[in-house]
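Let me begin by presenting the structure, written as structure tokens, before commenting on it.
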Amino acid sequence: VLAGEWKLVSWNEAEPVAQVYIAFTSAGTFEIYQQVYTLNYEYYSGDFKVSGDIVTGTYADGSNWACGYKYKVEGSQLMLYSQEDVSIASVYEKCSIPEEIKTEATTTRSGDVVPFL
């Protein structure tokens, strides 16, 4: 159910200030393309695990996501709720990540910039 390509459409019930795409595969890998702090898209990848309704991940450089996320898929929407002291709710819609974003994205070490998951 989590597998697929998704685009961020809501961040804490507001329009997001960043462009973020994420792809989860059925093989347990993910790719993130985000345009947050720069004009260019940045690229992150790694592995994720699902335990019940919680998803956690590890970036390709071996560092873990800042937290786990409770997730729920309803129709064409994916809701992620960060498991932090102050939870952040993000809503993604199923989409196809544009090829031009995939080809222009630059690889960024996970420690350089905090992903906008």
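The values are calculated or read from the model by the stated rules, or taken from the named source; none is laboratory data. Just so we're clear, the structure is a prediction, and the values are computed from it rather than from any experiment. Here the Cβ positions follow ideal geometry from the backbone for every residue, glycine too, while neighbour counts run over all protein chains shown. Each accessible area value is taken on the protein alone, full model and side chains, heavy atoms only, with ligands, DNA and RNA left out. Shrake-Rupley method; radii C 1.70, N 1.55, O 1.52, S 1.80 Å.
Some values worked out for this structure:
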{"item": "Complete set of residues in the range 31-43 that are of a type in the set (S, T, N, Q) and either open to solvent by 10 Å² or more (accessible area, probe 1.4 Å) or in contact with a Gly (Cβ under 6 Å, 6 or more places away or on another chain) (or both)", "result": "Gln35, Thr38, Asn40"}
{"item": "Check on Ser96, in contact (Cβ under 8 Å) with a residue 40 or more places away in the chain and loosely packed, with under 14 Cβ neighbours inside 10 Å", "result": "yes"}
{"item": "The range 56-74, subset touching a residue at least 40 places away in the same chain (Cβ under 8 Å) and outside any strand (DSSP E or B), residue nearest to the chain's Cα centre (by Cα)", "result": "Trp65"}
{"item": "Selected residue [open to solvent by 50 Å² or more (accessible area, probe 1.4 Å), at positive phi and small (Gly, Ala, Ser)] from Gly28, Gly46, Gly75", "result": "Gly75"}
{"item": "The range 55-72: number of residues that are open to solvent by less than 50 Å² (accessible area, probe 1.4 Å) and either touching a helix residue (DSSP H, G or I) at 6+ places or on another chain (Cβ under 6 Å) or within 18 Å of Glu5 (Cα to Cα) (or both)", "result": "5"}
{"item": "Criterion (touching a Pro at 6+ places or on another chain (Cβ under 9 Å) and touching a residue at least 40 places away in the same chain (Cβ under 8 Å)) met by exactly one of Glu13, Glu42", "result": "Glu42"}
